[in-house]
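Undergrad: Input: one structure, supplied below.
The values are calculated or read from the model by the stated rules, or taken from the named source; none is laboratory data. Values in this document were obtained by computation on a predicted structure and should not be read as measured data. Glycine gets a Cβ as well: all are built from the backbone with ideal geometry, and neighbour counts include every protein chain shown.
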Amino acid sequence: MRHGHALYAYRPSKAGAVIFCILFIGATGIHMWKMVRRRSWFMTAFVIGGILEFIGYACRSASASQPFNDYTIFPYAIQNTYLLLAPTLFAASVYMTLGRVVLLTGGEGRSPVARARLTKAFVTGDVVCLLVQGGGGGMSTAAALSGMSGNPISSSNELLANAGKGLTIFGLVAQVVMFAGFVGVAGVFHARLNKWPTAGSVAPEGVARCWRRVMRALYLVSALVMVRNLVRVVEYCQGTGGYIMTHEAFIYVFDALPMLVSMVVLAVVYPGELTVLLKEENVGGGAYVSDELLSDRSTGSRKGGVHDVVQQA
């Protein structure tokens, strides 16, 4: 089924789609190899997100190969939905990474949220955002599909389109709020760990270097995803006739590029290294034990005081 005017407000760039298709499959392949090699299965969602990015740009390439204003619905619907949802899967692995940093450093006493609750809360919220955005994207696609008959737009079809738009905006805004909360929690944990270091956070040197690099990478990736989501919010608020939706450059500058950079950053500073270090630090296959703080600059000023942190691996 074809109807170009209901799908793209411009002629999609085949070159741009092919380039990012190749880049994303390459980055995803590297992440998949690292995940299997390090057995860092918590990065599975990240890999799936990369696959969705690859499929999304492959479908954009397919659309670009079709006659102008005679595009089929299937590749459009796939690229629209998959490119919308992929960053949500990236976020899931980012949230789980922080939990592993807390575990590796023995720093649960430094986190404003308990490690188990931290991971569950953010990942659960992420799944809700995924479902909401997926539902919104599906409704928008259904509205576009039903409007292809060439007949005047019905009130029910307009209602469906508006509901899909509203759900998508809600999901994107919720994800921005969640990421802001995540960065806040990570920042508090990081600051406390610097002020009240645990034995696990400073020794051995390899562990200290690893978790600090991972934290910096998480901040960068979080910022990239937040910027992408904010632009997407503006895009959907403007609607199909808005400046962003009518200019293809935005999807590459504020979506494809930030997500690709995120994949590259976490390929260079791979969170799966935490899994290897956790296995090395695992005491008898049971618990990770952090000694007393090596330095306590304000004894008794912090709730709980100086104490050992024992965490189940």
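Undergrad: Residues to consider are Tyr76, Tyr57; find the one that is farther than 19 Å from Tyr270 by Cβ, modelled with pLDDT of 95 or more and crowded, with 21+ Cβ neighbours inside 10 Å. Break it down stepwise before answering.
TA: Working: Tyr76 fails: modelled with pLDDT of 95 or more.
So the residue among Tyr76, Tyr57 that is farther than 19 Å from Tyr270 by Cβ, modelled with pLDDT of 95 or more and crowded, with 21+ Cβ neighbours inside 10 Å is Tyr57.
Undergrad: Could you check segment 17-41 and list, in sequence order, the residues that are in a helix (DSSP H, G or I) and of a type in the set (Ser, Thr, Tyr)? Steps first, answer last, please.
TA: Filtering segment 17-41 down to residues in a helix (DSSP H, G or I) leaves 17-38, 41.
Answer for segment 17-41, where residues must be in a helix (DSSP H, G or I) and of a type in the set (Ser, Thr, Tyr): just Thr28.
Undergrad: Additional query: Could you say which residue among Thr141, Thr124 is assigned to a helix (DSSP H, G or I) and either buried (at least 24 other Cβ atoms within 10 Å of the Cβ) or touching a residue at least 24 places away in the same chain (Cβ under 8 Å) (or both)?
TA: Working: Thr124 fails: either buried (at least 24 other Cβ atoms within 10 Å of the Cβ) or touching a residue at least 24 places away in the same chain (Cβ under 8 Å) (or both).
None of the others qualify; the one that does is Thr141.
Undergrad: So if I check each of Ala62, Ala86, Ala116, which one is in a helix (DSSP H, G or I) and either under 24 Å from Val173 (Cβ atoms) or touching a residue at least 24 places away in the same chain (Cβ under 8 Å) (or both)?
TA: Values: Ala62 fails: either under 24 Å from Val173 (Cβ atoms) or touching a residue at least 24 places away in the same chain (Cβ under 8 Å) (or both); Ala116 fails: either under 24 Å from Val173 (Cβ atoms) or touching a residue at least 24 places away in the same chain (Cβ under 8 Å) (or both).
Only one candidate passes the filter, namely Ala86.
Undergrad: Tell me, yes or no, whether segment 187-204 has at least one residue that is more than 22 Å from Ser111 (Cβ to Cβ) and either hydrophobic (A, V, I, L, M, F, W, C) or in a helix (DSSP H, G or I) (or both).
TA: So far as segment 187-204 goes, no, none of its residues is more than 22 Å from Ser111 (Cβ to Cβ) and either hydrophobic (A, V, I, L, M, F, W, C) or in a helix (DSSP H, G or I) (or both).
Undergrad: Still on this model: Given the structure, is Tyr57 farther than 20 Å from Ala217 by Cα, in contact with a Lys or Arg (Cβ under 7 Å, 6 or more places away or on another chain) and in contact (Cβ under 8 Å) with a residue 24 or more places away in the chain?
TA: On the way: farther than 20 Å from Ala217 by Cα: yes; in contact with a Lys or Arg (Cβ under 7 Å, 6 or more places away or on another chain): no; in contact (Cβ under 8 Å) with a residue 24 or more places away in the chain: yes.
For Tyr57, the condition - farther than 20 Å from Ala217 by Cα, in contact with a Lys or Arg (Cβ under 7 Å, 6 or more places away or on another chain) and in contact (Cβ under 8 Å) with a residue 24 or more places away in the chain - is not met.
Undergrad: Let me ask something else about it. Out of curiosity, is Met259 buried (at least 16 other Cβ atoms within 10 Å of the Cβ) and outside any helix (DSSP H, G or I)?
TA: Numbers: buried (at least 16 other Cβ atoms within 10 Å of the Cβ): yes; outside any helix (DSSP H, G or I): no.
The answer is no for Met259.
Undergrad: For Trp41, which of the numbered conditions (1) within 24 Å of Leu220 (Cα to Cα); (2) modelled with pLDDT under 95; (3) surrounded by fewer than 22 Cβ atoms within 10 Å (Cβ to Cβ) fails to hold?
TA: So the condition that Trp41 fails would be (2).
Undergrad: OK, next. For residues that are free of Cβ contacts under 8 Å to residues at least 24 places away in the same chain and surrounded by fewer than 18 Cβ atoms within 10 Å (Cβ to Cβ), tally how many sit in segment 224-249. Outline the logic, then answer.
TA: Just the residues of segment 224-249 that are free of Cβ contacts under 8 Å to residues at least 24 places away in the same chain, to begin with: 234-235, 238, 242-244, 249.
This time we only want the ones that are surrounded by fewer than 18 Cβ atoms within 10 Å (Cβ to Cβ), so: 234, 238, 242-243, 249.
Counting residues in segment 224-249 that are free of Cβ contacts under 8 Å to residues at least 24 places away in the same chain and surrounded by fewer than 18 Cβ atoms within 10 Å (Cβ to Cβ) gives 5.
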